[in-house]
Structure formats: C-alpha cells, structure tokens
Amino acid sequence: MNLLKKYTGWFVLGTLIFYLLSVAHLTPVLLPTLLAWGANIAMWHTLAPSAKRQVTWLMMIGVAALLFAGSKGTWMTWQQIFAVNLPMLAMFVAVSFLDLTSSTDEKRPLPKGLSAIFNTALGVQALGAVINLSVILVFADRIKGAIKLTPEQQFILTRNFSAAAWWSPFFVATGVAIIYAPGMQWQKTLIPGLAMGLVAIFFSTIEAFKRTKGDFNGYPIRKESLFIPMFLASSVIFFHFIWPDISILVLICLLAPSATMLLMRTPSRKKSLSHFVNHKLAQIGSQFALFLAAGIFSNGISAIILSYPQFFNLDSFTFSPLLFSLTLAIMIAAGVIGIHPVVSIAIASPMLLPLSPDPTQLGFLFLSAWAISAGSSGLTGLGLLMTSRYQIPTKTIVANSAHYAIVMWLLCSLVNGFFL
C-alpha cells in the first residue's frame, strides 16, 4: 500500500498511456484497468466522507445487482464491469495536463459593469471547456477578493462553466456521451451545443446585470488567454477531419498532453511535469472513484434490465421529442437532488438504447442533462465546491438557477425537435 501511495501519480499517468497502447492493440486492456483500480485504491484515503459514501453505495448496489442478475443467468464480462469507463478516465487524465497551461494575473484591477459580467461568463466557459475545473478555482479565488463570493458571481461561474459540456470535446461529459450513446457524432452536436452555450452566457449576463445594477466584480480576462482553448478545439476538429477513423476521445487523449508540453510556460518543463504527476495527478481520486463505481453500478442496472426485460420493456415507446423532453426533465431533477450526471446517464442509457434512438440525439440528451444539472445543483461536485470552499448555501444555488434550468430544458427540447 505504501508503494501504491508513493507512486499514485504514476499509476494515474499509466492509466492514460497504457489505455492508448491498448487502443493500438500493443497491450491488453487488462493492464490500464489494473492501473486505474490500483490508483483508485491508493487515492481512497484522499476522498471526502461524502464522496466515499456515494462511491460505496454505488459499488454496493452495483455488485448486489450483478450477483442477483447472475443468479438469474445473466452475467456481464469483466471488461463491462471494471473497464467500461476506462476511456473516460484516460480522457480525464489527459485534459488534466492542460492545467499546466493556465496562468493567473494578480495585479490587474477587477473590472466592473456589464462588460465585466459578460467577459467573466465567456471566459469561464471558453477556458473551462479545455482546462476544466481548475478554472473555477482560479476565477472564484480572484474575484471574491477579501469578501465572500456573491450569489451572482456564483451562478455566472457555475452555469457557464457547466454549459461548456454542450460543445467542448475536452469536457468529460463528451466522453460520457460518446461511451453511453454508441455511434454519436460529436460534430453534429457542436453547432447546437455552441448555441446553447451562448444562450447560457447571455441569459446569465442579463440576469446578473439586472440583479446587481452593474455592481459586479468580474475576472480580468485577457484575449491571449483564450488562445489555448481555441487552438485545441480547432486541432481536434482538424485532425478528426484528416483521420475520421480515430475517435474524438482518443484524439483528445493524444492532443491534450502534447499541446501542454508545447505551450506550457515554465523555466523547467521537466520539474513542472514531475511535480504535476507526483502531486496534482495524485489528487484526482474522487473522479477515479466515481467513474469506476459508476461503471459497476451501470452494469448492475443493465444486468437487471436484461434479466427482467418485461418490466423495463419500452417497446411501446419511440425515442420521440416528448420522450426526450421527459427524460431530460427527470435527469435534471435527479441532478438537483444530488445524483451525479454520470450516474443518471448510466441508468438512462441501457433503458433507451433498445429503442434504437438516433445516437446523436441520445448524446445531446446526455450532454444537456450534464450541462443543466451540474450548473443548477448544489449537491453535485461543482455545487459542493461552491458550498464548501465559498460558503454559498445549497438552497441559494438551487434557488438561483431553478428558472434557468427550466428555460434551458425547454430550449434543449426545441433544439432536439427541430434541429437534430
């Protein structure tokens, strides 16, 4: 165990490297699977008690469901149980490298007014689309100053960060959608997703301006800081056009670390990378634990569904716009009460796939559920971060964004019905 803890970061990095080697058929998938679970064991002690409880319950329910289904003659393969979310973990490790390209600016004064609100909303979405959760910490720590984060600052950050799930190939939500909506074409959701992201920016900006009358401390965003997100997103699209047989997820796993080493600004790349592997990668235990547990849980649910098809038979339904809308509403509500989007997606996928839905529409459903629920809930990861680190009460987060969730749900239903 001590050896595991000492080299935790390298186990995490090995998960990415050997996953890519397994995709190239150079190593068996068993190797990155063992490394992922080894890293999970090593990082278990770093998890918050609430995270441990959630993961434990997911695993217990999943294992119980698998054993019960097995007693009925339905058995899942070890790859389905232990390695189903391995591609998402590899992607998460890859995009974590992009944290090395971020920089902070502590000297510039905080801007105020409508433009400050808009630029903060735009910046947290564009940067968060690539660099992910660390952007929230950078923005929030900078704009709160010596006082608490205001409710308006909170919803500008959380809504617009989460909205990147609609369109960013670097967001973990994209990896989840690709896995749980087999055949999804991310390119077809890009334009509708960007439109939803812009709606989130304008909607939140106008609301924050009305509530604060412009008395809002924003983040001092710089044009050059948007270069890396745009460069990486363009690179993914370009290389996918050249090599369409290579999945978006694998491209991200290759491009994110490569671009980081090319674009990072540091006196010593070797020292920065070594510190990152040994310290930063060793601290992402909650994500590893959640995705691995969700894999067991989702396959337990799938096994139960396969064992009792008569109870979960949706043959009398079609994946109509109405079913899309109802399912999205249920998934958003589940997120608000604390069920992580990856868990609700893991439950919905095996129930909807037998209806032979259009994979891109199903993927857009999952992206929408993630974007809206993560930005509106006080009990999922992002909401808990706001509560624990910035003392924003859970009820305030939910009350701030209940109307936002309803409006975005309606818009997503319309986008699905008319444009997908």
request  = Output the number of residues of the stretch 294-303 satisfying the condition of being of a type in the set (Val, Ile, Thr) and at pLDDT below 85.
outcome  = 1
ask   = Would you pick out the residues in the stretch 58-99 that are in a helix (DSSP H, G or I), under 26 Å from the mean Cα position of the chain (by Cα) and polar (S, T, N, Q)?
value = Gln79, Gln80, Ser96
query = For Phe319, are the conditions met, namely being out of contact with any strand residue (DSSP E or B) (no Cβ under 9 Å at 6 or more places or on another chain) and part of a loop (DSSP other than H, G, I, E, B)?
reply = yes
key: Leading residue by the ranking (modelled with the highest pLDDT) among those in the stretch 313-322 that are within 30 Å of Trp75 (Cβ to Cβ) and open to solvent by less than 70 Å² (accessible area, probe 1.4 Å)   = Phe319
key: Single residue of the stretch 212-223 satisfying the filter (under 17 Å from Gln125 (Cβ atoms) and exposed (fewer than 15 other Cβ atoms within 10 Å of the Cβ)) that is modelled with the lowest pLDDT   = Lys223
task = Report yes if Leu47 is over 29 Å from Gly197 (Cα atoms) and out of contact with any Ser or Thr (no Cβ under 6 Å at 6 or more places or on another chain), otherwise no.
result = no
message = Can you tell me which residue is most open to solvent (accessible area, probe 1.4 Å) among those in the stretch 333-344 that are among the hydrophobic types (A, V, I, L, M, F, W, C) and over 20 Å from Ile179 (Cα atoms)?
response = Ile337
message = Of the conditions (1) more than 15 Å from Gly193 (Cβ to Cβ); (2) open to solvent by 10 Å² or more (accessible area, probe 1.4 Å), Trp370 satisfies every one except a single condition; which number is it?
response = (1)
key: Single condition Phe291 does not satisfy, out of (1) under 22 Å from Trp75 (Cα atoms); (2) under 18 Å from the mean Cα position of the chain (by Cα); (3) modelled with pLDDT of 85 or more   = (3)
remark   = Within the stretch 212-222, residues being in contact (Cβ under 8 Å) with a residue 60 or more places away in the chain and either among the charged types (D, E, K, R) or under 30 Å from Pro359 (Cβ atoms) (or both) number 2
message = Just to check your reading of the model, which residue among Ile347, Ile397 is touching a residue at least 40 places away in the same chain (Cβ under 8 Å), open to solvent by less than 40 Å² (accessible area, probe 1.4 Å) and of a type outside the set (Asp, Glu)?
response = Ile397
key: Among the candidates Ser235, Ser247, residue that is free of Cβ contacts under 8 Å to residues at least 60 places away in the same chain, under 23 Å from Ser96 (Cα atoms) and open to solvent by less than 80 Å² (accessible area, probe 1.4 Å)   = Ser235
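Here is a yes/no grid of residues against (1) buried (at least 19 other Cβ atoms within 10 Å of the Cβ); (2) of a type outside the set (Gly, Ala, Ser):
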position: Thr8; (1), (2): yes, yes
position: Ser22; (1), (2): yes, no
position: Leu26; (1), (2): no, yes
position: Met43; (1), (2): yes, yes
position: Val55; (1), (2): yes, yes
position: Met59; (1), (2): no, yes
position: Phe68; (1), (2): no, yes
task = Could you list all residues from the stretch 259-268 that are in contact with a helix residue (DSSP H, G or I) (Cβ under 9 Å, 6 or more places away or on another chain) and open to solvent by 50 Å² or more (accessible area, probe 1.4 Å)?
result = Met261, Arg265
ask   = Residue check: is Lys107 open to solvent by 40 Å² or more (accessible area, probe 1.4 Å), modelled with pLDDT of 80 or more, charged (D, E, K, R) and out of contact with any helix residue (DSSP H, G or I) (no Cβ under 7 Å at 6 or more places or on another chain)?
value = no
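The values are calculated or read from the model by the stated rules, or taken from the named source; none is laboratory data. Everything numeric in this text was worked out from a predicted model, so none of it was measured. Cβ: placed from backbone, ideal geometry, glycine included. Neighbour counts: every protein chain shown. The area values use the complete protein model at the heavy-atom level, side chains included, leaving out ligands, DNA and RNA. Shrake-Rupley method; radii C 1.70, N 1.55, O 1.52, S 1.80 Å.
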